[in-house]
Structure formats: structure tokens, C-alpha cells
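The values are calculated or read from the model by the stated rules, or taken from the named source; none is laboratory data. Fair warning: this is a prediction, and the values are worked out from it, not measured in the lab. Positions of Cβ are generated from backbone atoms using ideal geometry, with glycine treated the same way; all protein chains shown enter the neighbour counts.
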Amino acid sequence: MGKLFSKGWRKRDARVVMLGLDLAGKSTILYQLKGGQAMETCPTVGFNVEAMRTPCGMCFNLWDVGGQPSLRASWHHYLEDTNILVFVLDSADTARLPEALAVLEETLGHPGLAEVPVLLLANKQELPGAMAPGSPCSPRPGHPKCPSSAAQDGAGALAAVRAPSALTEATGARSHKVYA
């Protein structure tokens, strides 16, 4: 019944990998989810990983992988056995949105992600000039809208956890299902 169930979902744990360009807010989201408070973070070199149990008893092993251009070549190592991919966009950095979408498309070409649900998350909604909540992530027609978050104060962080839980029902497709 899909990749999550065939790869041990019955144990109620999942590997969730967060990717995105550098400075998108992945580490802030990770630690906001883990501890419920904002922490001072610096650009991630390599990865951070935290385990988190949801109210329904699922355990997410959340991997936050550095997004600098020099680190993106190693992303494929983190994508093996991934159950859910969360791609974080900096909604206040609209100048880098085309780059972020190109990186997302390249990432989705990884063969290990063929049946993995993908959540696009527009972060930094609290900043001036950020994309409006529910804006299309791309100017191209048919592209999904992105749920918003403001990881610094926790707004939307819980939704970022609920969304992967909801995605577990959407597996089994032969192509990527992108949720926003």
C-alpha cells in the first residue's frame, strides 16, 4: 500500500528530510518543532537530525540538510529511504524563488523519490515583502500554492508536522505528489 507501509511505517516511524536553499529557515523550523521556541541558528554545514513524536504516536526522524550550493551535490545521500520530503522556500526572498524551484525540480529527479510525497513550505511569512499566504510557488499555471509558516515565532510550525502526517495517506503513486 505504498512506500511508507512497505518501508516499516507499521512501526509508526518515518524519515522526513527537509531541503531548501541556504537561509530558507530549515533549522529554525526543526528546532521550533522540537522545542517550541526560536533558537539562534547559523548556516548548517552537513545536517541536523532530531526525533519527534506526534500526538498520534508517529515518530518522525527529521533531517535538516544544509542548502548551500557546495552541499547540494551531497543531497542524494540523504534521500535514500526518505518517506517524506519537505522543501522549504524563503517566501521573503522572491529573487531566489526561480533558483529554489529549479533546485526542487532537480531534486525530484532523484530515483529514490519516485513515490515520496513532497510538501512545499513557504517560510518567513512574518517578514516584509514576503509572498502572500497561499500564493502560487511559481508563476507558471498549475503549480501548487505553498502553505505558510513563520518559524521564528512558531506560526505554522505545527501545521508543518500535521501535513506530513496527512501525507501518509497519499502514498503509492507512481509519480511525485506535491502538496502545498
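Considering each of ALA24, ALA51, ALA38 in turn, give the residue that is modelled with pLDDT of 90 or more, more than 19 Å from GLU115 (Cβ to Cβ) and in a loop (DSSP other than H, G, I, E, B).
Result: ALA24 is the single residue among ALA24, ALA51, ALA38 that is modelled with pLDDT of 90 or more, more than 19 Å from GLU115 (Cβ to Cβ) and in a loop (DSSP other than H, G, I, E, B).
Can you give me the ranges of the strands (runs of 3 or more DSSP E) entirely in the range 55-132 with at least 2 residues that are touching a helix residue (DSSP H, G or I) at 6+ places or on another chain (Cβ under 8 Å), crowded, with 19+ Cβ neighbours inside 10 Å and touching a residue at least 60 places away in the same chain (Cβ under 8 Å)?
84-90, 118-123
Give just the number: which of (1) touching a strand residue (DSSP E or B) at 6+ places or on another chain (Cβ under 6 Å); (2) within 22 Å of ALA132 (Cβ to Cβ); (3) not hydrophobic (A, V, I, L, M, F, W, C) does ARG96 not satisfy?
The single condition ARG96 does not satisfy is (1).
Find the residue count for the range 65-82, including only residues that are charged (D, E, K, R) and modelled with pLDDT of 95 or more.
The total comes to 1.
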